[in-house]
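The values are calculated or read from the model by the stated rules, or taken from the named source; none is laboratory data. It should be emphasised that the depicted structure is a prediction, and the values quoted were computed from it without experimental measurement. FYI the Cβ positions are ideal-geometry reconstructions off the backbone, even for glycines, and counts take in every protein chain you see. We work out accessible area using only protein heavy atoms, side chains counted, and drop any ligands, DNA or RNA first. Shrake-Rupley method; radii C 1.70, N 1.55, O 1.52, S 1.80 Å.
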2 protein chains.
Amino acid sequence: MKKELDKITPLEKDFAKWYTDVVKNGNLIAYGPTKGTLIFKPNSYGIWELIQENLNKIFKSKGVQNVYLPLLIPESLFALEKEHVEGFNPELATVTHVGDRELHEKLYIRPTSEVLFADFFKNSINSYNDLPLLYNQWANVLRWEKTTNPFLRSREFLWQEGHTAHSDPLEARKFTRTMINTYAKFLKNYLAIPTIVGKKTPHEKFAGACSTYTIEAMMKDGKALQSGTSHYFAQNFSKAYNITFKNKNNEEEFVYQTSWGVTTRLIGALIMTHGDNRGIIIPPKVAPVQIDILELFAKKSPIVSEVAQQLKLELSRKFRVRLDNTDKNPGYKAANSEIQGVPLRIEVGPRDLEQGMVTLVRRDDVENKILVKVEEVKNIVAKTLDDIHNSLYNAAEKRLEERTVFVYNYEDFKKEIAEQKFVIAPFCCSDFAEEKIKEETGATARCIPKTLDKPLKNIDCLIPTCQNKTNRYVVFAKAY
Amino acid sequence: MKKELDKITPLEKDFAKWYTDVVKNGNLIAYGPTKGTLIFKPNSYGIWELIQENLNKIFKSKGVQNVYLPLLIPESLFALEKEHVEGFNPELATVTHVGDRELHEKLYIRPTSEVLFADFFKNSINSYNDLPLLYNQWANVLRWEKTTNPFLRSREFLWQEGHTAHSDPLEARKFTRTMINTYAKFLKNYLAIPTIVGKKTPHEKFAGACSTYTIEAMMKDGKALQSGTSHYFAQNFSKAYNITFKNKNNEEEFVYQTSWGVTTRLIGALIMTHGDNRGIIIPPKVAPVQIDILELFAKKSPIVSEVAQQLKLELSRKFRVRLDNTDKNPGYKAANSEIQGVPLRIEVGPRDLEQGMVTLVRRDDVENKILVKVEEVKNIVAKTLDDIHNSLYNAAEKRLEERTVFVYNYEDFKKEIAEQKFVIAPFCCSDFAEEKIKEETGATARCIPKTLDKPLKNIDCLIPTCQNKTNRYVVFAKAY
């Protein structure tokens, strides 16, 4: 590791370059030896572990149990659901050999596990008494993307994928919505990211799904990031894979299924929502280190180490705390904490200590240093971390509101999209119109929002040449 | 799920069949669609999650940080360490295509990640100030084994693999030993499994390692199970992969490396160490459900549900508790709890409640039911779970002691091995002698034990035709 920290390109100057600079620094990633793959260094993997830990608690409270299914899918098993195969086939990494020996059947590395769960469900379910089955797995998946971007789109990524089977279609539909709302709440409460919850258009829904729900977040450059999805499959997979149960009338019926997932893309989401020109800012609830304690000029004054270590001991009972007691210079120590996005740092130095004080610096507001009495620190820290979370969330929400506009004609639409806003417009949801918009403006339909304060009835679709009437609003944006 | 529980073959009658019956029941596994792969159902994955959680705390206390490296290894990268390649090549699952397109270079699915960490270290290390680097990852790995056995040997398994780089060979060697001792302690304190700690013979060491340490456990049939390993690589990988650092004299030097791991095989270890003819017995510290509360005849007496729910509420504060309030019959409920290996169950029924009592049943001693006053339950449970752990450990330790013998000649050796014991004998550690023993008796050298109370000097090797003198004892056994 180098003694000097790398410079980060200002985000106003070049957002893409800024992002690359941020992820390469702050102990976040290194590139893997295969193109398009990532190494998750301790700071990013630590965020993922805290996402896991907290989502596990939430899933468990909903009766979901964790399981683990195999990495490889035999070609013949994959082939059973046609739309699903077509959606994934060009991206499938394929195992054909073991050592020098050719296999009888190709094996695909899972791009997602619907077909594996389908096969598992088929063998596990007999009657309505066995349902619902609510399973989740944490796993790595591969999709051979043409263009890749750290966290946002890499050939291998980590995720959780929930898979459920139900005897009742209404219950299954409801569970699909429950999970998308769970994600929206999780992003708000843990990652400080506001999202728009809605349904995907037919053009954008998941391959093989009956309907797909999504949460869409706005990045600092105004572009959208799909941050979690929940799919209702109806009986699409159960018919293709013959997953049946005996209902209360003792008749064989196909089960109703859902799946839902979030990925390590969330790490990219929080970087591009909260990061600044000093690097990443990690919301306190998922920060591997919540508080950095820096010893400044400890050699000059032995009390510095004493106080710093005492604070470390006290604060570690409730928070994730790290102590920097190296003899590097104060400027380096501060910059090192900032580039790693640690939400709060406490500087312990001889001058402040003369007055029995230490300095608190919030990562989201580094210019306003806060002098605090040593004995007050433990009382103030929890609230300060909460304040950081709230102020990160409020800033992101304000941006989302300010950069979201309604339009009713295509000229305005093009203008606003060019300014990288979220644009809400009446839209017929035909594939034709959606492809035209993408071609002409670069924007895609992000979702049909769940709630809108301007309901419509039977008005013209945004696209002038389109003869369709619609009663739906759709959110469009350029997207990652 | 079926209403009747499957019968389990008695372990005295056919141990292998008993094991297969146990793992297929008790919500532990299902078979994956690719031969030799497993589905980890909630009860086995839950054990693995608790192993993860507890090992993570222990690793962290030693300064180890978690990271995640890619699944795929390019052929050219793998090829750099010759002995390592030869050790793994026939078992490597190989990706040659993406969709219908052939890749320029073959990609191997990691069978272990030494070469990935080597590449990562090479790019991360500059000077002695960066060292030691202490990393760990939780991951899936693939080894295309010819014969497979659930948990013990499957083509895909889950594990943790620690990888460290040091500036000092003594420090690296010491860390290798620290980790094997950490595993031995973990198996004792969390899984209630005693092990013999030792060094592998040259014949049995890991491909590419300078020395391999192991913990060997004895299963109920007397066979050995290698349950964790720790490898010292010296500079083998750093020379092959050119991983250097600037030492204090500003000279370039190759780093010294270690790696160490345990796998989902530990689940097999605990089944074959503690299980009985009713199924698995899970040691309390890694039991996904520690206490089952069964409502018996709740319809006849409403107080049953009241007491059961109150107990659930109280005990859930400190323990992992499940409530069975279905209307299945008491015999089914008890058998269902037993087959899943839940260490303690509390039966709440009307007759006991008339005297203000409930019945506690320890999974390791189901015949001795314990009547306890309802208000005493919460005081007694922690100690009862501790007692279960200790009695499981003591029984396993007694068996290990009773079935371990010293021998000094090959005739006795063959007799004892035929009885499936751990046999300790003076041995020269030549490849020739080791292969002869394997061929003639089916036993393999498990380890050169760390401590032995009968030190030797320069005596004859066990094998009569062998002319070598030795001062080492080696533990032999048939092994999984």
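Structure data summary
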| item | result |
| --- | --- |
| Solvent exposure of the stretch A:291-385 as accessible area per residue, Å², 1.4 Å probe | 51 Å² |
| Amide H contacts of B:LEU38 (H built 1.01 Å from N, under 5 Å, at least 5 apart or other chain) | B:GLY32, B:GLU156 |
| The stretch A:93-138: equivalent-ellipsoid semi-axes (sqrt of 5 x gyration tensor eigenvalues, Cα, Å) | 31, 12, 7 |
| Members of the stretch A:94-142 that become less accessible by 50 Å² or more once partner protein chains are added (1.4 angstrom probe, chain alone as reference) | A:THR94, A:VAL98, A:GLY99, A:PHE120 |
| Percent of Cα pairs exceeding the 24 Å cut-off, where the set is the stretch A:232-347 | 52 percent |
| With every protein chain in place, the stretch A:100-202: carbon and sulfur % of accessible area (1.4 Å) | 45 percent |
| Rounded if a/c under 1.5, otherwise prolate or oblate - the stretch A:291-385, Cα gyration tensor axes | rounded |
| Nearest-ten-degree value, helix A:42-61 long axis tilted from longest Cα axis of chain A | 60 degrees |
| Magnitude of the charge dipole, the protein assembly as shown, Cβ model with Lys/Arg +1 and Asp/Glu -1, debye to 20 | 1160 debye |
| Selection from B:PRO288, B:ASN325, B:ILE303 lying farthest towards where the dipole of the stretch B:280-329 points positive, charges on Cβ | B:PRO288 |
| Long-range amide H partners of B:LYS200 with built H, under 5 Å | B:THR212, B:TYR213, B:THR214, B:ILE448 |
| Rounded to whole Hz, the Karplus (6.51, -1.76, 1.60) HN-Hα couplings of the stretch B:245-259, x for glycine and proline | 9, 7, 7, 5, 8, 6, 9, 6, 9, 7, 6, 10, 10, 9, 8 |
| Hz values of 3J(HN,Hα) by residue in the stretch A:118-134 - Karplus curve (6.51, -1.76, 1.60), Gly and Pro given as x | 4, 5, 5, 4, 3, 8, 9, 9, 10, 10, 4, 5, 7, 10, x, 9, 10 |
| Percent of C-alpha pairs per 10 Å bin, chain A, short to long | 4, 18, 25, 24, 17, 9, 4, 1, 0 |
| Net charge of neighbours whose Cβ lies under 15 Å from the Cβ of B:ARG155, counting Lys and Arg as +1 and Asp and Glu as -1 | +4 |
| Filter on A:LYS62/A:LYS239; A:LYS414/A:LYS436; A:LYS223/A:LYS421; B:LYS185/B:LYS318 - keep pairs with C-alpha separation over 18 Å | A:LYS62/A:LYS239; B:LYS185/B:LYS318 |
| Summed side-chain charge close to A:LEU323 - residues other than A:LEU323 whose Cβ falls under 14 Å, Lys, Arg +1, Asp, Glu -1 | -1 |
| Within the stretch B:64-163, GluC sites (Glu not before Pro) in DSSP loop having at most 16 other beta-carbon neighbours inside 10 Å | B:GLU145 |
| Angle between chain A longest axis and helix A:431-441 axis [Cα atoms, degrees, rounded to 10] | 30 degrees |
| The stretch B:404-477: C-alpha gyration tensor shape, a/c 1.5 cut-off, then a/b vs b/c | oblate |
| Label distances, nm, B:LYS174 versus same residue in remaining copies, Cβ-directed 7 Å point | 6.2 |
| Cβ-placed point charges (K, R +1; D, E -1), dipole of chain A about Cα centre in debye, nearest 20 | 640 debye |
| Stokes-Einstein translational diffusion, the stretch A:338-415 - Kirkwood Rh over all Cα pairs, 1.567 mPa s, 4 °C, in µm²/s | 85 µm²/s |
| Simple label model, 7 Å out from Cα along Cβ direction - B:ILE370 to A:ASN394, nm | 5.5 nm |
| q = 0.10 Å⁻¹, the stretch A:1-106: log10 I(q)/I(0) [Debye, one scatterer per Cα] | -0.60 |
| Ascending list, in nanometres, of distances separating the B:GLU411 label from those of the other copies (7 Å, Cα toward Cβ) | 10.9 |
| For B:ASN136, residues with placed amide H under 5 Å, excluding near neighbours | B:GLN65, B:ASN66, B:VAL67, B:HIS163 |
| Given charges at beta-carbon only (K, R positive; D, E negative), |dipole| of the stretch B:404-477 in Debye | 300 debye |
| Using θ = phi - 60° and Karplus 6.51 cos²θ - 1.76 cosθ + 1.60, couplings along the stretch B:184-196 (whole Hz; Gly, Pro as x) | 4, 5, 5, 4, 5, 7, 10, 9, 6, 10, x, 9, 9 |
| Copy-to-copy label separations for A:LYS383, where each label sits 7 Å from Cα toward Cβ, in nm and ascending | 4.5 |
| Helix axis angle, A:377-402 relative to chain A longest principal axis, alpha carbon, degrees | 50 degrees |
| Local net charge near B:LYS373, Cβ-Cβ under 13 Å (Lys/Arg +1, Asp/Glu -1) | -3 |
| Calculated P(r) of the stretch A:158-291 - Cα pairs past 21 Å, % | 48 percent |
| Kirkwood Rh (inverse of mean 1/r, distinct Cα pairs), the protein assembly as shown, angstrom | 30.8 Å |
| Solvent-accessible area buried by B and A, counting both chains, probe 1.4 angstrom, square angstrom | 4600 Å² |
| Sequence-separation-based contact order of the stretch A:404-477, relative, with Cα cut under 8 Å and 6+ spacing, percent | 40 percent |
| Alpha-carbon Rg/Rh ratio, for the stretch B:269-325, with Rh computed the Kirkwood way | 1.10 |
| Accessible-area composition of the stretch B:291-385, carbon plus sulfur, in percent [1.4 Å probe] | 50 percent |
| Mean ellipticity per residue at 222 nm, deg cm²/dmol - from DSSP H runs of n ≥ 4 across chain B, formula -39500 (n - 2.57) | -10500 deg cm²/dmol |
